[in-house]
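Q: Sending over a structure as structure tokens; questions will come in a sec.
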Amino acid sequence: MNQLPVLALLGPTASGKTALGCTVVDALKGTFDVELVSVDSALVYQQMDIGTAKPDVSVLAQYPHHLINLIAPTASYSAAEFRRDALAAIDGIHQRGNVPLLVGGTMMYMKALFEGLSALPPADAAIRRVIEGEALASGWPAMHAQLATVDAAAAKRLSPNDSQRIQRALEVYRIAGVPLSALQTRVISKQEPCLSPAFGYPTLSVALLPSVRAELHSRIERRFDAMLDAGLIDEVRRLRASHQLAPDLPSMRTVGYRQVWQFLEGEISGGAMRDQAIAATRQLAKRQMTWLRSMPQVETFDCLDASMPAAVTARIRGWLRTATGQ
């Protein structure tokens with residue numbers, strides 16, 4: 001066990017993670033120097049700023065974040081790549097004598113980091129093309145129903161329109177003849193080795209969860225409206241003009257961007273775009289909260305409580321003093 005400490009600040013979208021991370025940096029400065037590490041599958045993309053709620057240039061100048069703006073919108077970034085980059089960032093932060101604070105809501109990234117990666121079969125382009133053809137003919141909800149017949153556990157945690165993950169789960173089953181969820185469970189229960197060792201740092205994980213879900217929904221609605229006012233539609237227009245993008249790219253499957261793409265293609269109206277984006281973001285938040293509640297040893301705080309920032313900061317400070325013997 002590596003005795004250097006790591007902090008994790010997790011939560012659903014719109015729970016206030018970024019602002020709290022900056023508050024923690026300020027509050028602990030001088031006692032513990034904290035560096036922020038993003039755990040967000042959307043923030044890795046360059047030039048995708050408004051729809052990802054990326055901290056602006058002034059915030060990033062004052063509070064630098066590792067693992068932001070890594071790749072072009074045409075590229076992809078896997079959980080394995082995140083684990084590699086996060087471990088490298090954590091090691092560098094520790095070498096500088098500082099404390100890493102992981103901040104974000106991409107739970108698949110956190111799972112990969114904390115538990116390692118299972119020995120899953122590699123992608124098979126031919127099988128993927130077959131699955132994509134079936135989806136084109138019958139739709140992703142029908143493919144989701146198909147997945148439920150062979151891997152009920154995986155289907156249960158996926159949205160019927162989560163095409164990327166449905167495709168991967170079906171692909172794994174067709175290659176290995178074993179459900180994806182079963183392969184992942186084997187790793188967690190140590191029935192077979194991981195491709196990567198388990199996370200070896202003493203870690204305090206804090207989760208921000210709302211005491212009133214309707215208020216989080218209101219926050220999500222207000223935030224998306226603010227994105228539209230800030231020029232989200234023009235941002236997507238610029239991305240489409242400057243890159244060879246397609247709707248099935250991971251970047252354009254991101255919540256918000258997917259709906260704006262459909263609007264720009266004339267597939268849905270502006271009102272439908274807004275409503276569908278807000279609904280999809282709420283579904284994302286629901287999945288994130290389900291993940292968080294299933295994670296062991298996570299301390300939860302009410303993100304709607306005005307005293308929450310002070311309470312979280314006090315808990316982190318106390319834990320770090322104990323962990324470091326200060």
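Read-outs throughout are calculated quantities, based only on the coordinates presented, and are distinct from any laboratory measurement. In this text the structure is predicted, and so the values were computed from the model without any measurement. For neighbour counting, all protein chains shown are included, and Cβ atoms are generated from backbone atoms with ideal geometry for every residue, glycine included.
Q: Which residues in region 210-241 place their backbone N less than 11 Å from a point set 7 Å from the Cα of Q164 along the Cα-to-Cβ direction?
A: Within reach of a label on Q164, which here means backbone N under 11 Å from a point 7 Å along Cα→Cβ, region 210-241 contributes nothing.
Q: Still on this model: Go through (i) 29, 60, 11, 0; (ii) 32, 55, 12, 0; (iii) 28, 53, 18, 1 and flag the label whose value is the computed P(r) over Cα pairs in 20 Å bins from 0, in percent for this structure.
A: Label (i) holds the value from this structure.
Q: Further question on the same structure: Taking 0.36 nm per intervening residue step and subtracting the Cα-Cα distance, what contour gain separates S269 from R222 on full extension? Provide the component values of the computation, followed by the final result.
A: Working: separation 47, 0.36 × 47 = 16.92 nm, distance 1.94 nm.
Length gained between S269 and R222: 15.0 nm.
Q: Can I ask one more? Provide the gained length on full extension for the span T324 to Q283, in nm with one decimal, where the gain is 0.36 nm per separating residue minus the Cα-Cα distance. Walk me through the intermediate numbers first.
A: Working: separation 41, 0.36 × 41 = 14.76 nm, distance 3.90 nm.
Full extension from T324 to Q283 adds 10.9 nm.
Q: Would you order V178, V206, V25 from fewest to most other beta-carbon atoms within 10 Å of each residue's own beta-carbon?
A: Ascending Cβ contact count within 10 Å gives the list V178, V25, V206.
Q: Could you tell me the calculated FRET efficiency between S242 and T300, based on Cβ-Cβ distance and R0 = 45 angstrom, to the nearest 0.05? Show your work: numbers first, answer last.
A: Numbers: r = 42 Å, r/R0 = 0.92.
For R0 = 45 Å, the calculated efficiency reads 0.60.
Q: Moving on. Only loop residues by DSSP count here, and only those with at most 15 other Cβ atoms within 10 Å; note down the GluC sites (Glu not before Pro) in region 14-116 that meet that. If you can, show how the numbers build up before the last one.
A: On the way: sites: E35, E81, E115; in loops: none.
Here no loop site has a sparse enough neighbourhood.
Q: Another question, if that's okay. Where does the chain land at 222 nm, in deg cm²/dmol rounded to the nearest 500, when only DSSP H runs of n ≥ 4 count, each adding -39500 (n - 2.57), divided by all residues? Each step should come with its number before you reach the end.
A: Numbers: 14 runs with 177 residues, N = 326.
That comes out to -17000 deg cm²/dmol.
Q: Within region 71-114, report the trypsin sites (Lys or Arg not before Pro) that DSSP leaves as loop and that have at most 15 other Cβ atoms within 10 Å.
A: Working: sites: R83, R84, R96, K111; in loops: R96.
When the trypsin sites (Lys or Arg not before Pro) of region 71-114 are filtered for loop state and at most 15 Cβ neighbours within 10 Å, R96 remain.
Q: Select from region 237-302 those trypsin sites (Lys or Arg not before Pro) which occupy a DSSP coil region and have at most 10 other Cβ atoms within 10 Å, ordered by residue number. Walk me through the numbers before you get to the answer.
A: Details: sites: R237, R238, R240, R253, R258, R274, R282, K286, R287, R293; in loops: none.
Nothing satisfies the criteria.
Q: For the pair R293 and A142, what calculated FRET efficiency results from E = 1/(1 + (r/R0)^6), where r is the Cβ-Cβ distance and R0 = 25 Å, to the nearest 0.05? Walk me through the numbers before you get to the answer.
A: Details: r = 30 Å, r/R0 = 1.18.
So, using R0 = 25 Å, E works out to roughly 0.25.
Q: If you don't mind, another one. Can you grab the distance from the C-alpha centre of region 252-269 to the C-alpha centre of region 12-89, Å, no decimals?
A: When both Cα centres are located, 25 Å separates them.
Q: Using a basic spin-label model with each label point 7 Å from the Cα along Cα→Cβ, how many nm lie between D26 and K156?
A: Each label point lies 7 Å from its Cα, and together they span 4.3 nm.
Q: For K54, go through the lysines and keep the ones whose alpha-carbon is under 26 Å away, minus same-chain ones fewer than eight residues off.
A: Qualifying lysines at Cα under 26 Å: K17, K29, K111, K286.
Q: Which stretch or stretches of region 28-50 have amide N atoms under 17 Å from the point lying 7 Å from A314's Cα along the Cα→Cβ direction?
A: 28
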